[in-house]
Each structure stands twice: as C-alpha cells, then as structure tokens.
Amino acid sequence: YGSICYLCYEEIDLDAPRSVNQPGWRDGLHIDHVIPIAKGGHDTLDNLRPTHARCNLNKQAKLI
C-alpha cells in the first residue's frame, strides 16, 4: 500500500514522530483495521491499511 493514507489518499510523513504531542505526529504513520476489531475484524494483513494518525483517530471504530 506504500505511504498513501487509504482514508484521505494523501502522502503519509514516514519521518514524523510517533509520540503523541510531538510536532507533526498527526501526519505520521498509523496502521488501521479496515474492519475494526470491535466490529469483528481480524488482526491480519488483509484487514490492515496505512493511515495518518489524524485519519485513524478520526475514524475510531467506524466502518468505512
């Protein structure tokens, strides 16, 4: 899937810090479950996609 966020289709900053509250962390890499675990999704590669931290946190446990 490369470094494109599957939710907003913009480039993910792979050099952004992963620690919350450090400058730029919201543009960094998160891994999202397409079907959330809370909704019966599995923790397998076919259910995972790269996202920005901000996109993943906004999605929460919603189905897209």
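Could you work out the local net charge near LYS39, counting Lys and Arg as +1, Asp and Glu as -1, over the other residues with Cβ closer than 14 Å to its Cβ?
Surrounding charge for LYS39 is 0.
At 0.36 nm per residue, minus the direct Cα-Cα distance, what do ARG18 and ILE64 gain on full extension? Give it in nm, one decimal, please. Present the calculation step by step, with values, prior to reporting the outcome.
Details: separation 46, 0.36 × 46 = 16.56 nm, distance 2.42 nm.
Taking ARG18 through ILE64 to full extension adds about 14.1 nm, to one decimal.
If you take every residue apart from GLY28 with its C-beta less than 14 Å away from the C-beta of GLY28, what net charge results, scoring Lys and Arg +1 and Asp and Glu -1?
Charge balance in the 14 Å sphere: -3.
Explain nothing, just the number: dipole magnitude of the chain about its Cα centre with +1 on each Lys and Arg Cβ and -1 on each Asp and Glu Cβ, in debye rounded to the nearest 20.
Charge dipole, the chain, about its Cα centre: 320 debye, nearest 20.
For region 23-32, in order, what is each residue's ³J(HN,Hα) by Karplus, 6.51 cos²θ - 1.76 cosθ + 1.60 with θ = phi - 60°, in whole Hz (x at glycine and Pro)?
Rounded to whole hertz, the list is x, x, 4, 5, 8, x, 7, 10, 10, 9.
With θ set to phi - 60°, apply the Karplus curve 6.51 cos²θ - 1.76 cosθ + 1.60 along region 5-19 and write out the HN-Hα couplings as whole Hz, x wherever there is a Gly or Pro.
5, 6, 8, 10, 6, 9, 5, 8, 7, 6, 9, 5, x, 8, 7
From the backbone phi of region 43-55, what are the Karplus-calculated ³J(HN,Hα) couplings (6.51 cos²θ - 1.76 cosθ + 1.60, θ = phi - 60°) in whole Hz, Gly and Pro given as x?
Ordered by residue, 3J(HN,Hα) equals 8, 10, 4, 6, 10, 10, 9, x, 9, 6, 4, 5, 5 Hz.
Give, as a single signed number, the net charge of other residues whose beta carbon lies under 14 Å from the beta carbon of ILE64, with Lys and Arg counted +1 and Asp and Glu -1.
+3
Can you pull the three principal axis extents for the Cα set of the chain, in Å, largest first?
Answer, in whole Å and largest first: 34, 23, 18 Å.
For ILE35 and TYR9, what is the calculated FRET efficiency with R₀ set at 25 Å and r taken between the beta-carbons, to the nearest 0.05?
Once rounded, the FRET efficiency stands at 0.80.
Give me, ordered by chain and number, the residues 5 or more places off LEU48 or on other chains with an amide H under 5 Å from its own placed amide H.
VAL34
A short reminder: the numbers here are calculations on the coordinates, not readings from a lab. Values in this document were obtained by computation on a predicted structure and should not be read as measured data. Virtual Cβ from ideal backbone geometry, glycine too; neighbours counted across all protein chains shown.
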